[in-house]
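The block underneath contains the structure these notes are about, expressed in structure tokens.
The values are calculated or read from the model by the stated rules, or taken from the named source; none is laboratory data. This one's a predicted model, so the numbers in the text were calculated from it and none came from an experiment. Cβ sites come from the backbone with ideal geometry, for glycine too, and all protein chains shown count toward neighbours. Areas reflect the complete protein model, heavy atoms only, side chains present, ligands, DNA and RNA absent. Shrake-Rupley method; radii C 1.70, N 1.55, O 1.52, S 1.80 Å.
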Amino acid sequence: LKYNRPDKVLNLLGYSDSSLIEAYHKAYLKRLKKMDFSENQLSSEFHLPEVKITNSVQLPAETKENSISLDLKITDSKFNLDRINIWVNDVAIYGTNGISLRNEKARSIEKSLTIDLANGRNKIQVSVLNGTGAESYKKAVEINSLQPNESPNLYVVSLGVSEHKNSKYNLDFAHKDAIDFASAFKANTYFKSVQSRTLTNEEVTLENLVDLKDFLGQAKINDVVMVFVAGHGVLDENFDYYFASYDMDFDNPSLRGIPYEAIENLLDGIKALKKLLLIDTCHSGELDKDEIEENTNDKETEQGDIIFR
């Protein structure tokens, strides 16, 4: 968190213009905010915490069980511990923010955690952050799970907004795309079952995303989750992305707009390891500086019978 600073590197090299450097600086500030850190917390000296899997020798190379227990010893000789991060096959199973240790106000903690196993190979990695944002080296174990290889379930969330409260920004096909996406999997024979939730037009609001998180939370570790989003995607003055809900204020997207973090949160921390997010909107990929300068508004242009959004 502290030393990933391309803005400072580019500034010292003197090759890049100020707008690009400022964009990287804003990205750094966003990253701190997302991880719930402040710049003041990073002002202390650099020191790494340590984490040990104390029962790593006792863990089996193969098991028929669907979970294992990890015994952890976490220490830092200078700073309080902040959080534990655990990945299974490179997926953060406790979400972006991991398991908080802040309330412990401690420099040494021992914990035992139960970790669900996926079918087949499981690469389990553990790291810890201290209160200054420094992350330990990752400790890893590998376990092969011999669970019965059953077909997975599929959970689909599909969102599409063609009609807005402000009809000036209406589209033609976004709601249809959402319906068609969910329908495409109904007759699929690969999955044991297909569960879906489709919201269109006035149904797509910030409040309705809460129930979708609960729905996707039903997925188990071997299941598959897909989230599809279609409609307007806009950036505010800070280049923060918002998916245009039915009642979003297009002059102020932060009012009633759906921030990218809210969409990402649908997938963050759920048990399923196989997760796919598809966003069919403007500004859904990396920001292109020239594109932003030339296209300051999210518009539709009509060429013959084809309407682009």
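How about the range 271-286: which of its residues are open to solvent by less than 30 Å² (accessible area, probe 1.4 Å) and closer than 24 Å to residue 151 by Cβ? I'd like the intermediate steps shown before the answer.
Residues of the range 271-286 open to solvent by less than 30 Å² (accessible area, probe 1.4 Å): 272-273, 281.
Selection gives 272, 273.
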Those residues of the range 240-270 which are farther than 20 Å from residue 28 by Cα and open to solvent by less than 30 Å² (accessible area, probe 1.4 Å) amount to 243, 244, 245, 248, 253, 257, 258, 263, 266, 267, 270
Test residue 234 against the criterion of being surrounded by 15 or more Cβ atoms within 10 Å (Cβ to Cβ) and either touching a Cys at 6+ places or on another chain (Cβ under 8 Å) or of a type in the set (Lys, Arg) (or both), and give yes or no.
yes
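To keep it simple, each residue is scored yes or no on (1) over 21 Å from the mean Cα position of the chain (by Cα); (2) modelled with pLDDT under 95.
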{"position": "152", "(1), (2)": "yes, no"}
{"position": "167", "(1), (2)": "yes, yes"}
{"position": "181", "(1), (2)": "yes, no"}
{"position": "196", "(1), (2)": "no, no"}
{"position": "208", "(1), (2)": "no, yes"}
{"position": "213", "(1), (2)": "no, yes"}
{"position": "216", "(1), (2)": "no, no"}
{"position": "229", "(1), (2)": "no, no"}
Wholly inside the range 120-221, strands (runs of 3 or more DSSP E) that include 1 or more residues that are at positive phi are 120-130
